[in-house]
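Each reported figure results from applying straightforward, stated rules to the coordinates on display, with no laboratory input. Quantities reported herein were computed from a predicted structural model and do not represent experimental measurements. Counting neighbours? That spans all protein chains shown, and the Cβs are built from the backbone with ideal geometry, glycine included.
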Amino acid sequence: MNRKNILAIASIALLATACDYQKNNNIKQADLREGDQYVYGVHPDSAAAQTKNKYTAKPENEVRANKIREKLFNDSTNAQGN
């Protein structure tokens, strides 16, 4: 066999072993929150439960955010012609 064939076989072998490198890259440990509906939902295929916190809108926060946007992005938007 010439060097090209050996190099091709070695590269195929290297690629084949690289496919499963994450298989052993984990830690076997007990799940402290197993069965917790807040984390995992009611079923493993369902979405997790979300918090029910609702916050009231504060218009002064939106005004402040717009001022910050103007300060940060005013020059870049004018340079683009927007």
With residue 40 itself left out, Lys, Arg at +1 and Asp, Glu at -1 over residues whose Cβ is under 13 Å from its Cβ give -3
Setting aside same-chain residues fewer than 8 positions from residue 71, which lysines have a Cα under 22 Å from its Cα?
58
Distance in nm between label sites at residue 26 and residue 69, each 7 Å beyond Cα in the beta-carbon direction?
4.3
